[in-house]
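To keep things clear, I will list the structure first and then write my remarks on it.
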Amino acid sequence: MKAGASEEEINEVVRAIEGFEYQPHVIKGVERTVIGAVGDEREKGKLQVLETWPGVENVVPILKPYKLASSEIKKEKSQIPIGEGVVVGGSEIIVMAGPCSVESEAQIIEVAKKVKQAGAQVLRGGAFKPRTSPYSFQGMEEEGLKLLDKARKATGLPIVTEVMESAQVDMVADYADMLQVGARNVQNFSLLKRLGKAKRPILLKRGLSTTIQEFLMSAEYILSHGNQQVVLCERGIRTFETATRNTLDISAIPVLAELTHLPVIVDPSHGTGVWHYVAPMALAAIAAGADGLMIEVHNCPEKALSDGPQALKPTKFSQLMEKARPLAELMGRGL
Ligand code: PEP
Ligand code: MN
């Protein structure tokens, strides 16, 4: 739409798009409103007539296979609020920290207080755990969600936690401020469609062997089903290298910044699998332009029920935050 297009002109175009049996998605930018029309690619010529309508600047086909996620539709980075007062994609770098799994009330409350003290803005913790082995700890499930709620009340930190299947979405959304889709579910399209209807922001993790294009197509599933609140997370991909658990793809950060308006955070814990590689890769992520970090922190990593070897102790996490602050500033960001 033209910069000065009225609400009425915007609504007229939305109705016209619906009339063509396309789905309208209104995206309000700082300067202008863009209306995405999503539908059958073969019939896109029909929309061209809208170019003559009042308030319409032009009708542009998006060439990328991902449309709503593409930076072609929206130049400015999207700002995604989590709970109250935390925004991913703004000037502040957002750090989500906490244990891999919620294990007990004492554990989650202690870690929550420590990461908050160190400057984390969001608490992470898994209650439903996607484990490679069915014999490994599978998470505390709803009991874990209740403990996360207690930790939120004790610290004021908003909560991000994983949802593994469509049937759990409502329940997890009742407790969590942000819903995480794990690497193993990034192409679970029925879950992604369901999350498009959820009233919570989504943290979408890149899969073990997901290309950037496939990653953005997964984001597109959520956006096209109605939820515009998506944050991407690079968490390492599988390569021939075995010295680290995964190979953290730092180059994904500038590549995604070019291709999409969605903010990107980095998880160097799963990205390396080794706690003493976490800090250097976290700093590298900030230097490459990441909008945030996800870091696993455990009060006693030796006894952790999952991912102990990659967890930072609270003091190490706090040291990382101290190191990250001047670097964030150098990058023109706050932390
Ligand atoms: C996690 O965040 O604990 C997790 C299981 O991550 P990923 O899905 O990236 O392996
Ligand atoms: Mn983990």
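The values are calculated or read from the model by the stated rules, or taken from the named source; none is laboratory data. This structure is a prediction, so every number in the text was calculated from the model and none was measured. A quick note on method: Cβ atoms are made from the backbone with ideal geometry, for glycine too, and the neighbour counts reach across all protein chains shown. All accessible areas refer to the heavy atoms of the entire protein, side chains included, with ligands and DNA or RNA removed. Shrake-Rupley method; radii C 1.70, N 1.55, O 1.52, S 1.80 Å.
For a modelled paramagnetic label at residue 117, 7 Å from Cα along Cα-to-Cβ, no residue of region 267-293 is in reach, as no backbone nitrogen comes under 11 Å. For 225, 298, the ranking by accessible surface with the largest value first comes to 225, 298, using a 1.4 Å probe. Fully extending the segment from residue 287 to residue 242, taken as 0.36 nm per residue of separation minus the present Cα-Cα distance, adds 13.7 nm. Stretching the chain fully between residue 8 and residue 300 yields a gain of 99.3 nm (0.36 nm per residue, less the alpha carbon separation).
Put a plus charge on the Cβ of each Lys and Arg, a minus charge on the Cβ of each Asp and Glu, and nothing anywhere else: the dipole of the chain about its Cα centre is then about 740 debye. Computed log10 I(q)/I(0) for the chain at 0.08, 0.11 Å⁻¹: -0.38, -0.70, from the Debye equation with unit scatterers placed on every C-alpha and solvent omitted. For the cross-link pairs 197/323; 129/313; 74/205; 2/46; 113/303; 28/153, the ones whose C-alpha atoms lie over 28 Å apart are 197/323; 28/153. Across the accessible surface of the chain, with the other protein chains kept in place and a 1.4 Å probe, carbon and sulfur atoms take up 53 percent.
When the chain is described by a simple charge dipole with +1 on each Lys and Arg Cβ and -1 on each Asp and Glu Cβ, the residue from 34, 49, 248 located farthest towards its positive end is 248.
When the residues 175, 221 are ordered by accessible surface, computed with a 1.4 Å probe over the protein chains alone, the sequence from largest down reads 221, 175.
The distance linking region 84-109 with region 239-312 is 15 Å (Cα centroid to Cα centroid, whole angstrom). For residue 335, the amide hydrogen comes within under 5 Å of the amide hydrogens of 93, counting only partners 5 or more places away or on other chains and with H modelled in the peptide plane.
Taking trypsin sites (Lys or Arg not before Pro) across region 1-45, the ones in a DSSP loop with at most 15 further Cβ atoms lying within 10 angstrom of their Cβ are 2, 32. For region 17-156, what D do you get in µm² per second when you plug the Kirkwood radius from alpha-carbon pairs into Stokes-Einstein at 37 °C and 0.692 mPa s? Estimated diffusion coefficient is 173 µm²/s. Given axes a ≥ b ≥ c from the Cα gyration tensor, I'd like to know whether region 236-335 is rounded (a/c under 1.5), prolate (a/b larger than b/c) or oblate. It is oblate, given that a/c is not under 1.5 and a/b is not larger than b/c.
Within region 115-146, the GluC sites (Glu not before Pro) that combine a DSSP coil assignment with at most 16 other C-beta atoms in a 10 angstrom radius are 141. Along region 239-245 the Karplus relation, 6.51 cos²θ - 1.76 cosθ + 1.60 evaluated at θ = phi - 60°, assigns HN-Hα couplings of 10, 6, 6, 10, 5, 10, 4 Hz to successive residues, with x for each Gly and Pro.
Here each label is just a point 7 Å from Cα along the line to Cβ, and for residue 28 and residue 52 those points are 3.1 nm apart. Counting only protein heavy atoms and a 1.4 Å probe, the chain has 45 square angstrom of accessible area per residue.
Near residue 294, the amide H atoms lying under 5 Å from its own belong to 96, 266, 267; only residues 5 or more places off or on other chains count, and H is placed 1.01 Å from N. The GluC sites (Glu not before Pro) found in region 217-282 that occupy coil by DSSP, while having at most 13 further C-beta atoms within 10 Å, are 241.
Taking a ≥ b ≥ c as the square roots of the eigenvalues of the Cα gyration tensor of region 63-145, is the shape rounded (a/c under 1.5), prolate (a/b larger than b/c) or oblate? Oblate shape, in that a/c is at least 1.5 and b/c is the bigger or equal ratio. Per-residue Karplus couplings for region 7-20, computed as 6.51 cos²θ - 1.76 cosθ + 1.60 with θ equal to phi - 60°, are listed in order as 4, 5, 5, 5, 4, 4, 5, 4, 5, 5, 4, 4, x, 7 Hz, Gly and Pro entered as x. Assuming charge only on the beta carbon of Lys and Arg (+1) and of Asp and Glu (-1), the dipole of region 205-297 about its Cα centre is about 180 debye to the nearest 20.
Coupling constants for region 326-335 follow from the phi torsions by the Karplus curve (6.51 cos²θ - 1.76 cosθ + 1.60, θ = phi - 60°), and in residue order they are x, 5, 4, 4, 4, 7, x, 10, x, 8 Hz; glycine and proline get x. In this structure residue 189 has an accessible area near 80 Å², from a 1.4 Å probe over the protein heavy atoms. Considering amide H positions built from the backbone, and no H for Pro or chain starts, which residues 5 or more places from residue 227, or on another chain, come under 5 Å of its amide H? Under 5 Å from the amide H of residue 227: no residue qualifies.
Computed from the C-beta positions of residue 193 and residue 150, the FRET efficiency with R₀ = 56 Å rounds to 0.95.
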